[in-house]
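So the structure is just underneath, and the comments pick up after that.
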Amino acid sequence: MSAKPKPKVGVFKFASCDGCQLSLLSAEDELLTIAGKIDIAYFLEATSRIDEGPYDIALVEGSITTPTDALRIRDIRQRSKFLITIGACATAGGIQALRNWADHDEFVRAVYARPEYIETLATSTPIAEHVPVDFELRGCPINRHQLVEVIVSLVAGRKPKTPSHSVCLDCKRRGTVCITVAQGIPCLGPVTQSGCGAICPSYDRGCYGCFGPAKQCNTGSLCQQLLADGTPAPELVQLLRNYNGYAPEFRQQSEQLETQA
Amino acid sequence: MNSTPPSLFLARSNLQLLIDRLAEQGFEVIGPTISQAAIVYDRISSVSDLPQGWTDRQAPGEYRLERRDDDQLFGYVVGPHSWKRYLFPPLTTLTTADLTTNGWQMRAADDNPPKYAFLGVRACELAAIRVQDKVFLEGAYVDPVYQRRRQNAFIVAVNCTQAASTCFCTSMETGPRCRSGFDLALTELFDGFEVEVGTPAGAELLRQLPTTSIAEQQLADAEQRRQQAVDQITRKLDTEGIRDLLLTRLNHPRWEEVGQRCLSCTNCTMVCPTCFCSSVEEVSDLEGQHSERERRWDSCFNLDFSYVSGGPVRRDIRSRYRQWLTHKLASWIDQFGSSGCVGCGRCITWCPVGIDITEEVAALRKEAP
Ligand code: SF4
Ligand code: SF4
Ligand code: SF4
Ligand code: SF4
């Protein structure tokens, strides 16, 4: 329809499980339409084509865990106009950020037969700690509808519509009875950003915080209440240290709980 | 109607006939039933769907189902759902638009809601429906979505015979006695119900049921059971001069204090049977050929809800809690001529950190130190 050249998109992987890239691939219904609107210049999981850029949009999955990757993300940033992190690893360090509270050398010695071949950093850190990020798409994994919305809105030149309210609002809209109030199950929903549509509480499981801290979340007040209701502090620390454990709001809270305990 | 017909007795074994008659007349019957560890409002077709022999224990931030030592059908109070879910659905498509060779063709979305019959509506809930009637039907703009559901709704109310620790309808003068706004109202007795008629439609339905006249003794029993609910209500909200009080205490330190506890999670507004906020969004297909305008429940506790050019108007939790409470109890009076709170206590029970509207008002009444 338009004479404008299609925006060039690169999809890059760092330390991650590939689940977010798979979300893009599994968006079958939308993928064909999207593919017609963009030029996929680099996406190793889907095509062997390697176009060195520059890219209009870089989608970055994964966290920074090696010195090589710390350099590679700088290089990608330099070749990209708009850089979007996708998923909890890229946005908050991911589950592998648990190493940030542990002895990483000990892990390497325990896991690898020849630890001297392993060159890693002591921490797993979000992309934004290394280069400026233009938009962070949350989730472990990301919600593919949100990813499609981000791509389509960028192509159309408008702001993506990704809600920032709590998971609780989704529970209420879908008619899920609150499992914390009715069953005493600890849940991170009140401090977690929406995105999944409140799946876990509908299966009697507390929210694991997959989409990370909601804007202005009051994690301190929630944890005080859960402690008072009988959840032991170490259990709360574990609840906070999931896929987004290294996100500042959850990190501060779990560290505070640890010093209290 | 200027004279109320005398109430009648419906045997417990004939309650099923009430449900059957409603179903035969094309109503989708919604009533209390147990699901997800709570008493919720859902489709029912039989008396056995009702929470027979169950009750609820409620406290700030806590709700538990418990067994009763009898087999009452309505021996509990209000739960996490309200009738709002049916009259003002959480998600509605308002309009659709299609791109054609002649430009955009807009049209109202198809909307053919069922004819609802609500069984087990409590006094505070009748008051809440009345409040939402004012909001959606009696202002300058009528909401067609609400209207289509509301105009056909048949209401079978139930008088409370017990109260939860969170109930405070007596303070808000909305209950526990059902006085108007119903087609029929029941009071549960040992072996049946005292049935009061509220409308000609209610009288007509009752004529189709095998009732008997009610004995003095049964009337006294019903009255005593209703009094039990009144006696069990301990929570109070002092409404004396509340509008002026709240609107002149906008800088009271209590707002800061409650803002430290509040999670801004929206639960209180979602469970409140009178809260009516929503947001409207255009959702288009990838090709940009078809678009639907969707309305979803939303809340003043969402940071983005007050987002205008330049940023959100209510930037911290303190100001969002203050917005909610002062609207509910003060500026609602200017806007709609009554309080926005009917004293059902849901916001107290379903707040994950147990914030209690009555306690907050009491604290705000105290002069700042
Ligand atoms: S179950 Fe969790 S997410 Fe859902 S309303 Fe309760 S606290 Fe919020
Ligand atoms: S607030 Fe009053 S009318 Fe409502 S459930 Fe409680 S006792 Fe019944
Ligand atoms: S403000 Fe609370 S008590 Fe009042 S009507 Fe709403 S939910 Fe019920
Ligand atoms: S008052 Fe309670 S339910 Fe309401 S937003 Fe605050 S924490 Fe959530």
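The values are calculated or read from the model by the stated rules, or taken from the named source; none is laboratory data. Predicted model, so just to flag it, every value in this text is computed and none were measured. Methodologically, a virtual Cβ is constructed for each residue, glycine included, from the backbone with ideal geometry; neighbour enumeration extends over all protein chains shown. Calculation scope for accessible area: heavy atoms of the full protein, side chains included, ligands and nucleic acids excluded. Shrake-Rupley method; radii C 1.70, N 1.55, O 1.52, S 1.80 Å.
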Rounded accessible area per residue of region A:167-260, 1.4 Å, Å²: 38 Å²
Residue-count net charge about residue B:44 - beta-carbon cut-off 12 Å; Lys, Arg +1, Asp, Glu -1: -3
Accessible-area composition of chain B, carbon plus sulfur, in percent [1.4 Å probe]: 49 percent
Derived scalar couplings ³J(HN,Hα) [region B:289-303; Karplus, 6.51 cos²θ - 1.76 cosθ + 1.60; whole Hz; x for Gly, Pro]: 9, 9, 9, 10, 9, 10, 10, 10, 3, 9, 8, 5, 7, 7, 4
Region A:25-102 - Rg (one decimal) and Dmax (whole number), Cα, Å: 14.4, 46
Value in Å of the Kirkwood radius, where region B:8-232 supplies the Cα pairs that are averaged: 18.8 Å
Cα gyration tensor category, rounded, prolate or oblate, for region B:242-365 with a/c compared to 1.5: prolate
Among B:222, B:109, B:127: highest mean-square fluctuation, GNM of chain B, C-alpha pairs under 10 Å: B:109
Potential lengthening between residue B:333 and residue B:220 on full extension [0.36 nm per residue; Cα-Cα distance subtracted]: 37.0 nm
Inter-probe distance in nm under a simple model that places probes 7 Å from Cα toward Cβ, at residue B:285 and residue A:18: 3.3 nm
Gaussian network model of chain B, Cα within-10 Å springs - most flexible of B:42, B:304, B:98: B:98
Viscosity 1.002 mPa s, temperature 20 °C, Stokes-Einstein D of region B:166-259 from Kirkwood C-alpha radius, µm²/s: 128 µm²/s
Relative contact order [Cα under 8 Å, 6+ residues apart], chain B, whole percent: 22 percent
Complex-versus-alone comparison for region A:152-173, residues with a loss of 40 Å² or more in accessible area, probe 1.4 Å: A:161, A:169, A:172, A:173
Shielded by partner chains, region B:60-99 residues - at least 10 Å² of accessible area, 1.4 Å probe, vs chain alone: B:61, B:63, B:64, B:80, B:81, B:85, B:90
Dimensionless Rg over Rh [region A:8-156; C-alpha; Kirkwood]: 1.00
Choice from A:220, A:245, A:36 with maximal GNM fluctuation in chain A (Cα, 10 Å cutoff): A:36
Set of lysines near residue A:8 by C-alpha distance (under 18 Å), chain-local residues within fewer than 8 positions excluded: A:37, A:81
Eligible lysines near residue B:84 by straight Cα distance, threshold 20 Å, same-chain separation 8 or greater: A:172, B:115, B:134, B:328
Net charge, residue A:58 excluded, C-beta distance under 15 Å - Lys, Arg +1, Asp, Glu -1: -3
Cross-link reach list, aspartates and glutamates versus residue A:6, counting only Cα pairs under 12 Å and skipping chain neighbours closer than eight places: A:39, A:56
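Computed FRET efficiency, Cβ-Cβ of residue B:204 and residue B:232, R0 35 Å: what is it to the nearest 0.05?
0.50
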Debye, to nearest 20: dipole size of chain B, +1 on Lys, Arg Cβ, -1 on Asp, Glu Cβ: 740 debye
Portion, in percent, of the accessible area of region A:106-201 that falls on carbon or sulfur, probe 1.4 Å: 56 percent
Accessible area in square angstrom per residue, chain B, 1.4 angstrom probe: 43 Å²
Accessible area buried at the A-B interface, both sides summed, 1.4 Å probe (Å², nearest 100): 2900 Å²
Shielding of A:214-223 by partner chains, average beta-carbon count, 10 Å: 5
Å² per residue, accessible surface of region A:8-156 at 1.4 Å: 47 Å²
